[in-house]
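The values are calculated or read from the model by the stated rules, or taken from the named source; none is laboratory data. If you're wondering where the values come from, they're calculated on a predicted model, not measured in any experiment. As a convention, Cβ positions derive from the backbone with ideal geometry for all residues, glycine included, and neighbour counts pool all protein chains shown. We work out accessible area using only protein heavy atoms, side chains counted, and drop any ligands, DNA or RNA first. Shrake-Rupley method; radii C 1.70, N 1.55, O 1.52, S 1.80 Å.
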Amino acid sequence: MKPAGAAGGARLPRAVRADGLPPQALLDDTEDVSLDFGSEEELALQKARIRHPLATFFHLFFRVSAIVTYLFCDWFSNSFVACFVTILLLLSFDFWSVKNVTGRLLVGLRWWNQIDEDGKSHWVFEAKRVPTIAASTEAEARIFWLGLIICPVIWTMFFFSTLFSLKLKWLALVIAGISLQTANLYGYIHCKLGGQKTISRVTSRLFGTTDVPKSEY
């Protein structure tokens with residue numbers, strides 16, 4: 001004899017949600033849920049990571065070496081010509097490396113001057129638009145801009161100290177240091193800001209050149 005509840009082979013209806021889907025099991029209140037912070041920590045490490053150590057090193061090496069040599073060259077040599085040539089070479093190496101290598105690798109910026117068929121000089125400023133796998137990090141960008149800004153300020157201080165101490169034989173070298181490092185600073189600020197009309201007009205008046213609008217590569 002069959003039980004009363006199973007008479008006729010009838011089954012009890014299953015509970016169905018309002019959206020027609022079967023009910024899902026509820027998580028136990030005592031079950032631990034792990035939170036994944038690995039991606040955030042990995043992102044922070046990537047920002048602090050230096051991906052171009054060689055370029056970062058040479059971005060600071062030549063300009064710091066020029067300053068140190070200027071301050072302590074009298075300790076190592078009594079020859080003014082040797083000190084002058086050494087510091088000037090360091091400043092020249094720094095100008096070339098920052099303009100052509102470290103700016104492109106560390107912050108994705110570059111600038112140069114070109115002459116067209118009519119003989120007119122044009123300043124070209126570019127900024128990288130699409131980040132790549134080898135893109136710069138925040139640490140590299142911070143090192144780049146700090147070195148680019150602080151060193152011209154130091155050479156400006158050397159200018160006033162040389163002027164007030166009447167060491168006029170060093171004045172030409174200090175002016176060369178200010179000129180070379182300020183040129184890079186101006187070029188990269190122009191790349192970063194996208195070109196300002198006021199700066200363009202001043203440059204055109206001083207050098208008789210034409211600015212090319214900032215492009216992206």
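Measuring nothing but how far apart in sequence close Cα pairs (under 8 Å, 6+ apart) lie, relative to its length, the range 61-196 scores a relative contact order of 27 percent.
Note on the range 47-207: dipole from Cβ charges, positive end direction compared against V101, F160, W145; the farthest Cα belongs to W145. Within the range 47-207, the percentage of alpha carbon pairs spaced more than 29 angstrom apart rounds to 27%.
Solvent-accessible surface of the range 47-207, taken per residue with a 1.4 Å probe and all protein chains present: 59 Å². Scanning residues 5 or more positions from R51 or on other chains, those with amide H under 5 Å from its amide H are T137, with H placed 1.01 Å from N in the peptide plane. With a simple spin-label model that places each label point 7 Å from the Cα along the Cα-to-Cβ direction, the separation between L166 and I115 comes to 4.4 nm.
Ordering S77, Y188, H59 by the projection of their Cα atoms onto the charge dipole of the range 47-207, which places +1 on the Cβ of Lys and Arg and -1 on the Cβ of Asp and Glu, puts Y188 at the extreme positive end.
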